[in-house]
Structures are given as structure tokens and as C-alpha cells.
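Undergrad: Below is a structure I'd like to ask you about.
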Amino acid sequence: MMDKEVLAKTGRNTGRTKQLVLTGLFFAVALVLSIVENMLPPVPIPVPGVKFGLSNIAVMFALFFMAKGQAYTIAILKALFVAMTRGAIAGLLSLCGGLLSLTVMVLLLLLFKDRISYLIISIAGAIAHNLGQFIAITMIYTGFYMVAYLPLLLISGVAAGIVTATLLRFILPAFKKLVL
């Protein structure tokens, strides 16, 4: 092969390798944030399953500064990890919430481009995450009256969105150094 062909092929492989490494790195960051969140005292609202979702910071960063495919990959890997460590139902809830959340954030970015803040995107994503989990759990436990739980999930989604957007803003400079 000619030198230009070798360089072109190597450059493509280097780009793919970098994407793979960054995806793995941010998946690891998501796991660490999840572990840290589990070590924190429970949220002030004594509602089962309500958390801030700190691991979603890694997914949001991937969405904003990497490729959408990488963000989806991290969300799916997170759900698989949850399924392996906390069980199939928890994994399903993570998958449904994560994919709906990410899809809503992608749609908002496509519709509003630079005219929407990270805070609004984060809040919408957190609410969508809770809605995705709510839909999944109501399909599993059809006999329970789950609608009463929905307002708490919506309110906690707003709070979680504010927390994750605020923390992302603080962590952003360090994350950007990893990607560049």
C-alpha cells in the first residue's frame, strides 16, 4: 500500500479506537457516579426508587460533546450493568427510562439546536426517564394503582434534572479535557 493509503486507514482506525475508548471511559464514569450516589444518604423524599441519577451526567456529556450513538451505547451498557447487579426488573426500568430520556433529549437538541439550555434538556430528560420507568412498571404490575405515584415522579424528575445539570456544569471542564 502507498503511504497515503496507510495513513488514511490508520486515521480511521484511530478515530474508531478513540470513540470506543471514550465510550468505555464514560461508561466507567457512569458506574462510578452510580456507586457514589448509592453511598449518599437517601433523598429527602421517602419515595421508593427516587434518586438524582448522577450516572446520567456521563450520558448527557456523551450526548452533548460526543456522538449520539455513544450516548445510546452508554445508556444501554448502564441498563445491562443494572440488570446484572440488581436484577432483570431493575435493568428493564433502567433501559426504558434511559432510552426514553435520551430520545427526548436528542429530539430537543434537534428541534431547538443552540436555543435551549442544558438545564431544560436535563429536566426534560429526567422527567422522561421517570416516565419511561413508570410505563415499564405499570406494564409489569398491572394490578396496582400506580397513577398516584406519577406526580411524585414528575416532581422528582424536575429536581433530578436540576441537580444533574448543575453538576454537569461543574464537571464539564474536566470531562472536556478527556475528550480533546
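Taken together, the values in this text are just the output of simple stated rules run on the coordinates, not laboratory data. Note that the coordinates shown come from a computational prediction; the quantities given were computed from them, not determined experimentally. In this analysis, Cβ positions are derived from the backbone assuming ideal geometry, glycine residues included, and neighbour counts consider all displayed protein chains.
Undergrad: Under 8 Å for C-alpha pairs, at least 6 residues apart: give me the relative contact order for the chain, rounded to a whole percent. Please list the in-between numbers first.
TA: Values: 185 pairs, mean separation 37.1, N = 180.
Relative contact order, the chain: 21 percent.
Undergrad: Given the options Leu119, Leu154, Leu110, state which has the largest fluctuation in a GNM of the chain using a 10 Å cut-off (strictly under) for Cα springs.
TA: With Cα springs under 10 Å in the chain, the top fluctuation among Leu119, Leu154, Leu110 is at Leu110.
Undergrad: Expected output is a single nm value to one decimal: the length gained when fully extending between Lys176 and Phe112, i.e. 0.36 nm times separation in residues minus the C-alpha distance. What is it?
TA: On the way: separation 64, 0.36 × 64 = 23.04 nm, distance 2.28 nm.
Gain on extension, Lys176 to Phe112, equals 20.8 nm.
Undergrad: If each residue's Cβ is checked for other Cβ atoms within 10 Å, how do Lys177, Lys68, Lys18 rank with the fewest at the top?
TA: Working: Lys177 8, Lys68 15, Lys18 11.
Ranked by crowding around the Cβ, least crowded first: Lys177, Lys18, Lys68.
Undergrad: A follow-up question, please. Expressed in nm to one decimal, what extension gain is obtained for the pair Ile140 and Phe64 from 0.36 nm per residue of sequence separation less their Cα-Cα distance?
TA: Values: separation 76, 0.36 × 76 = 27.36 nm, distance 3.29 nm.
Full extension of this stretch gives 24.1 nm more.
Undergrad: Hey, any idea what Rg/Rh is for the stretch 3-179, computing Rh the Kirkwood way over Cα pairs? Before the final figure, lay out each step's value.
TA: Values: Rg = 17.4 Å, Rh = 17.0 Å.
Using Cα coordinates only, the ratio equals 1.02.
Undergrad: Right, next: With equal scatterers on the alpha carbons only and no solvent term, can you work out the Debye log10 of I(q)/I(0) for the stretch 77-180 at 0.25 1/Å?
TA: Here log10 of I(q) over I(0) equals -1.29.
Undergrad: Take the residue pairs Lys51/Lys113; Lys78/Lys176; Lys51/Lys78; Lys18/Lys51; Lys68/Lys113; Lys113/Lys176 and return only those whose Cα atoms are more than 24 Å apart. Intermediate values should be presented prior to the final figure.
TA: Numbers: Lys51/Lys113 28 Å; Lys78/Lys176 21 Å; Lys51/Lys78 15 Å; Lys18/Lys51 32 Å; Lys68/Lys113 14 Å; Lys113/Lys176 20 Å.
Where the Cα-Cα span goes over 24 Å, the pairs concerned are Lys51/Lys113; Lys18/Lys51.
Undergrad: Let me ask another. Determine, for each peptide in 70-76, 89-95, the mean count of other beta carbons within 10 angstrom over its residues, then list the peptides with the highest first. Write out the running numbers ahead of the final one.
TA: Working: 70-76: 22.4, 89-95: 19.3.
Sorting 70-76, 89-95 by mean packing, highest first, produces 70-76, 89-95.
Undergrad: Restricting the calculation to Cα positions, tell me the Rg (one decimal) and the Dmax (whole number) of the stretch 83-130 in Å.
TA: 12.7, 40
Undergrad: Still on this structure, I have one more. Could you state the angle between the C-alpha long axis of helix 118-140 and the longest principal axis of the C-alpha atoms of the chain, as a value from 0 to 90 degrees rounded to the nearest 10?
TA: 60
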